[in-house]
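Notes to accompany the following structure.
The values are calculated or read from the model by the stated rules, or taken from the named source; none is laboratory data. Treat the numbers as computed from the prediction; the structure is a model and nothing was measured. Backbone-built Cβ (ideal geometry, glycine too); neighbour counts: all protein chains shown. Areas reflect the complete protein model, heavy atoms only, side chains present, ligands, DNA and RNA absent. Shrake-Rupley method; radii C 1.70, N 1.55, O 1.52, S 1.80 Å.
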Amino acid sequence: VRLVESGGALVQAGGSLKLSCLASGMITSVFNSNGWGWYSQAPGMQRELVASMTTSRTTNYADSVRGRFTISRDSSRKRVYLQMNSLEPEDTAFYYCNTLESSLPWGQGTQVTVSS
């Protein structure tokens, strides 16, 4: 299984992006048996969980993104998405997806840069 993130870009503050993560090579039943999360890693900082969705589709968000970011998933496509609205310069980071247990090899991430 390989995680492939995409959708990052350079945007102005206040803008929006939608990130996508493909769990390549994962069968649907295994995809559905996992909770999923989006993690951010800013330069010089540790990777942290910013959005999560359990197997029952319960979502949770870090305080810094709550109300601005929305996590979703499409099991048929084996994709996890992160809709990012009202972006702030503080959101600048590499973004990664993984299971909530971080059980898969990390992908290359996708870079989000928010200019002020």
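Test of understanding: among Leu104, Leu82, Leu100, which residue is modelled with pLDDT of 95 or more, open to solvent by 40 Å² or more (accessible area, probe 1.4 Å), within 18 Å of Cys21 (Cα to Cα) and in contact with a strand residue (DSSP E or B) (Cβ under 7 Å, 6 or more places away or on another chain)?
Details: Leu104 fails: open to solvent by 40 Å² or more (accessible area, probe 1.4 Å); Leu82 fails: open to solvent by 40 Å² or more (accessible area, probe 1.4 Å).
Every option except Leu100 fails the conditions.
Report whether or not Glu101 is among the acidic types (Asp, Glu) and assigned to a loop (DSSP other than H, G, I, E, B). Judged against the criteria, Glu101 is a match.
Which residues, counting only those in the range 58-78, are more than 22 Å from Val1 (Cα to Cα) and open to solvent by 40 Å² or more (accessible area, probe 1.4 Å)? Step through it out loud before you land on a result.
Step one: filter the range 58-78 for residues more than 22 Å from Val1 (Cα to Cα), giving 58-70.
Scanning the range 58-78 gives Thr58, Thr59, Asn60, Asp63, Ser64, Arg66, Gly67, Thr70.
Looking across the range 75-98 at every residue that is of a type in the set (Gly, Ala, Ser) and in a loop (DSSP other than H, G, I, E, B), the one that is nearest to Gly14 (Cα to Cα) is identified as Ser86.
Would you confirm whether or not the range 17-24 contains a residue that is closer than 20 Å to Ser115 by Cα, charged (D, E, K, R), surrounded by 13 or more Cβ atoms within 10 Å (Cβ to Cβ) and within 13 Å of the chain's Cα centre (by Cα)? Don't jump to the end; show me each part of the working.
Start the filter on the range 17-24 by keeping residues that are closer than 20 Å to Ser115 by Cα, which leaves 17-19.
Remaining after also requiring charged (D, E, K, R): 18.
With the extra rule that they be surrounded by 13 or more Cβ atoms within 10 Å (Cβ to Cβ), the set shrinks to 18.
Within this subset, residues satisfying the condition of being within 13 Å of the chain's Cα centre (by Cα) are 18.
Checked against the condition, which is being closer than 20 Å to Ser115 by Cα, charged (D, E, K, R), surrounded by 13 or more Cβ atoms within 10 Å (Cβ to Cβ) and within 13 Å of the chain's Cα centre (by Cα), the range 17-24 yields at least one hit.
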